[in-house]
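Undergrad: The structure that follows is given in the form of structure tokens.
Read-outs throughout are calculated quantities, based only on the coordinates presented, and are distinct from any laboratory measurement. This one's a predicted model, so the numbers in the text were calculated from it and none came from an experiment. Cβ placement follows ideal geometry from the backbone for every residue including glycine, while neighbour counts extend to all protein chains displayed.
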Amino acid sequence: MYLYDELDRTLVAERVAEFRDQVARRLSGELTEEEFKPLRLMNGVYLQLHAYMLRIAIPYGTLSSAQMRMLAHVARRYDRNFGHFTTRQNIQFNWIKLEELPQAMADLASVGLHGMQTSGNCVRNITTDQWAGVAPDEIEDPRIWAEVLRQHLTMHPEFSFLPRKFKIALTAAAHDRAAVKVHDVGLRLHRNGAGETGFEVMVGGGLGRTPFIAKTIKPFLAKRDLLSYVEAILRVYNSFGRRDNIYKARIKILVHDLGAEAFAKEVEVEWRQIKDGPLALDPAVVDDIAARFRYPAYERLEDSPPALAAARGSDRGFDAWLANSVANHKVDGYAIVTLSLKPEGGPPGDATAEQMEAIADLADRYSFGEIRVGHEQNLVLPHVAQRDLARLWRALDASGLATPNVGLVSDIISCPGLDYCSLANTRSIPVAQEISRRFRDRDLARDLGPLHINISGCINACGHHHVGHIGILGVEKNNEEFFQITIGGRADEDAALGTLIGPAVRYADVADVVEDIVATYLELREDPQESFLHTVDRTGIEPFRERVYATR
Amino acid sequence: MPLVRRGRVVEDRYVRVVDDAPVPDGAAVIVPAARFMADAAELTSREAPIGLIWPNDRNAGELAPWLDRLALIALTFPNFRDGRAYSQARQLRERYGFRRELRATGEILRDQFLFLTRAGFDSLEVKKAADAAAFAEAIGRYSVFYQQSANGWALVQRRRLLRSAAGGECIATELAR
């Protein structure tokens, strides 16, 4: 956990006071809706189809149990008893009244939570690996650098009115769980030939209507230069990014138009002038931030303790969950447990106030009071002693949080779609619900192996459909909902955009099409170990296209 | 349009000269960028202060040769959301060492005052009188800043290190402004 000190707390409290004043001026009519809009956006407040929506940042996906209880309180007191975890380590509340927003924010601020820069044309919540600090394959904890960046880019005097939103993600592990290559800036901590750690800097990734995989503009950046280099990127973008067309305003378009090499050169010229100035990171400042990350006092435990061995085989449900939702921890005797927020037929990423409270209690009992949020819209208990796994499973199962479908076909990433969002062209949650019902057979899902379905209800791609193994994009044609289907996308270290398999299909046909694609995969795979993605890589999309459109 | 200069609402002593209109003798004037660049030698040899309005899509570094003779540079905010001039302001202050009046003009509302001040502006042409009157309140909303900025306010990192050096918790102290 990162512990806020009184300076961090003061800033958040001052922000709440400012927002209270802005809301009062809006309610009195002193501010027009147009003037109020950029102000509310900078605090994570959107005007949606039915009500205001509040988006709360969960920096680098780390939550304390006290913070989770406060989210439950907000869900219950100001919303309709639930919240929605998003693909960028945020949580959204969909039914908040404008008059009550300042008080909801004050409640959240009491535990260090806020909506600052969760929307608007500024640097958004900085995200990272939800397993940061516990993953066996990471070289160091990336959250320290996410926090260094978070602080530096909070209310930045130069970069709060960018051409468009700006998203940064970091990873420090061999396997990228943070989707850094589809971010405006992706940072990968790695070791160079001399054994020093530094950042590979990637820029210009993103989805939306013009998807791009980020390009590397700096293979190795020393840590001391992190802030100056990011400032150089932001300054080039702020100065030259397009502002005439909202759809061409992201940095990916600038990088594409200039070419990655020319863009890198612009950044380099700017960076040379500032790199040895006040932005050069003082190791004492970094150490001070790192010192406020608190790690659990782990016990000395053995892997595979007797309690776990005894529980294995005693219950099929436990075994399935253990195989699916429990991952290796870097400390012996501990495990990383993923809590699926994708129950059969449920809206992906939603949690009720009761579930949030149950998770907070379980985190206190079994995970040193810590919870993580991942971009797949699931939660994580990052420090569970293996001896406690069976007890934890029983409790999770009772709260509907032990669906063993993590990374499988029904672990669907979906945007809110037309049920909530004012931008959406089509529904997406009901599509996800129907697919998850079709694949309720757990043996089948396990047999299919890793299979990520991503659904977006419009071209803005909040459900990251381009990088779904199966991507589903809602479009509107003559007032009817249609869905384009892509396959072969991925968001990890080998990030790639999916390929369209053919004409868009009707709402009622989407789940059938997914079943056809899955059936084709089962026929084509060389053996059960060959994953869906490998099969698509090997065969191309043609056999899938043939099968899907043979009868349509 | 009220002018806030160094925190106070003041009369604007500058006269705006549009396009090719004659420049009045002895008066402090603000001329368009194109006019200035065409006539810089003559305009800077006048006895009275000279300022210019610089567009937000042109490299402010072009002004480097003239900075010691310019009394004022006005940067433009065509709307609240267009933040290009924040970058220009920081470059003028931090890279080129411009110390004289740096004015924000255009769509200036109270909610930008703090950003503008911290980016290096010391004078603001404010759209609404009520906002101008509320300058002190708007600028005083925050006491904590994570970044070094052109106006030199103490930043969080330094306060933290001082606190660590003192070996105790930081007490809420008045900021050195």
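Undergrad: Which of the listed residues, B:49, A:74, A:286, is farthest toward the dipole's positive end in the protein assembly as shown, when Lys, Arg count +1 and Asp, Glu count -1 at the beta-carbon?
TA: Of the listed residues, the answer is B:49.
Undergrad: Here's another thing I want to ask about it. Can you give me the P(r) profile for the stretch B:1-56? Cα pairs, bins 5 angstrom wide beginning at 0, each as a whole percent.
TA: Once binned at 5 Å, the Cα pair distances of the stretch B:1-56 give 4, 18, 27, 23, 14, 10, 2.
Undergrad: Evaluate E = 1/(1 + (r/R0)^6) for residue A:441 and residue A:99, where r is the Cβ-Cβ distance and R0 equals 60 Å; express this FRET efficiency to the nearest 0.05.
TA: So the FRET efficiency works out to roughly 0.80.
Undergrad: Percentage of Cα-Cα pair distances in the stretch A:6-109 greater than 17 Å, rounded to whole percent?
TA: It works out to 52 percent of all Cα pairs.
Undergrad: In addition: For residue A:114, list long-range residues whose amide hydrogen, built 1.01 Å from N in the peptide plane, is under 5 Å from its own amide hydrogen.
TA: Hits under the 5 Å cutoff: A:57.
Undergrad: Considering the zone a paramagnetic label at residue A:77 would reach in this model (a point 7 Å from Cα along the Cα-to-Cβ line), which residues of the stretch A:95-120 have amide N under 12 Å from it?
TA: Within reach of a label on residue A:77, which here means backbone N under 12 Å from a point 7 Å along Cα→Cβ, the stretch A:95-120 contributes A:100-111.
Undergrad: Sticking with this structure for a sec: Diagonalise the Cα gyration tensor of the protein assembly as shown and give the resulting equivalent ellipsoid semi-axes, square root of 5 times each eigenvalue, largest first, whole Å.
TA: Equivalent-ellipsoid dimensions as semi-axes: 48, 29, 24 Å.
Undergrad: Give me the tail of P(r) for the stretch A:413-550 as a percent: Cα-Cα pairs with distance above 25 Å.
TA: So the pairs more than 25 Å apart make up 21 percent of the total in the stretch A:413-550.
Undergrad: Most exposed first by the Cβ proxy, i.e. fewest other Cβ within 10 Å, how do A:421, A:122, A:415 rank?
TA: Starting with the residue having the fewest Cβ neighbours, the order is A:421, A:122, A:415.
Undergrad: Normalised by the residues of chain A, what does the relative contact order come to in percent, with Cα pairs under 8 Å and at least six apart?
TA: With pairs under 8 Å counted, the relative contact order is 13 percent.
Undergrad: Given all pairs of different Cα atoms, what value in angstroms does the Kirkwood hydrodynamic radius of the stretch A:306-398 take?
TA: 13.5 Å
Undergrad: Could you give the spread of the C-alpha atoms of the stretch A:134-291 along their three principal axes, from largest to smallest, in whole angstroms?
TA: Principal extents (Cα only, largest first): 44, 34, 28 Å.
Undergrad: Which one of A:186, A:398, A:53 has its Cα pushed farthest toward the positive end of the charge dipole of chain A, where Lys and Arg give +1 and Asp and Glu give -1 at the Cβ?
TA: Going by the charge dipole, the pick is A:53.
Undergrad: Still on this model: What's the FRET efficiency of residue B:71 with residue A:315 using the Cβ-Cβ distance as r and R₀ = 51 Å, to the nearest 0.05?
TA: 0.05
Undergrad: Can you put A:237, A:295 in order of Cβ neighbours within 10 angstrom, beginning with the fewest?
TA: Ranked by crowding around the Cβ, least crowded first: A:295, A:237.
Undergrad: Relative contact order for the stretch A:342-466 using alpha-carbon pairs under 8 Å, separation at least 6, rounded to a whole percent?
TA: 27 percent
Undergrad: Take the eigenvalues of the Cα gyration tensor for the stretch B:1-108, scale each by 5, and report the square roots as semi-axes in whole Å, largest first.
TA: They are 20, 17, 14 Å, listed from largest to smallest.
Undergrad: The stretch A:457-491 to the stretch A:284-308: how many Å between their Cα centroids?
TA: Computed from Cα coordinates, the inter-centre distance equals 40 Å.
Undergrad: Related question: When the Karplus curve 6.51 cos²θ - 1.76 cosθ + 1.60 is applied with θ = phi - 60°, which whole-Hz ³J(HN,Hα) does each residue of the stretch A:171-186 get, with x for Gly and Pro?
TA: Per-residue couplings from phi come out as 9, 10, 10, 5, 9, 7, 9, 10, 6, 5, 7, 10, 10, 4, 10, x Hz.
Undergrad: Just to confirm my numbers, what's the Cα centroid distance between the stretch A:93-160 and the stretch B:53-132 in Å?
TA: Comparing the Cα centres of the stretch A:93-160 and the stretch B:53-132, I get a distance of 29 Å.
Undergrad: Fewest Cβ neighbours within 10 Å first, please rank A:486, A:32 accordingly.
TA: With the fewest neighbours first, A:486, A:32 line up as A:32, A:486.
Undergrad: I'd like the trypsin sites (Lys or Arg not before Pro) in the stretch B:91-144 restricted to DSSP loop residues with at most 12 other Cβ atoms within 10 Å, sorted by number.
TA: Loop-located and lightly packed - B:99.
Undergrad: How high is the relative contact order of the stretch A:413-550, in percent, counting Cα pairs under 8 Å that sit 6 or more residues apart?
TA: Reported as a whole number, the value is 19 percent.
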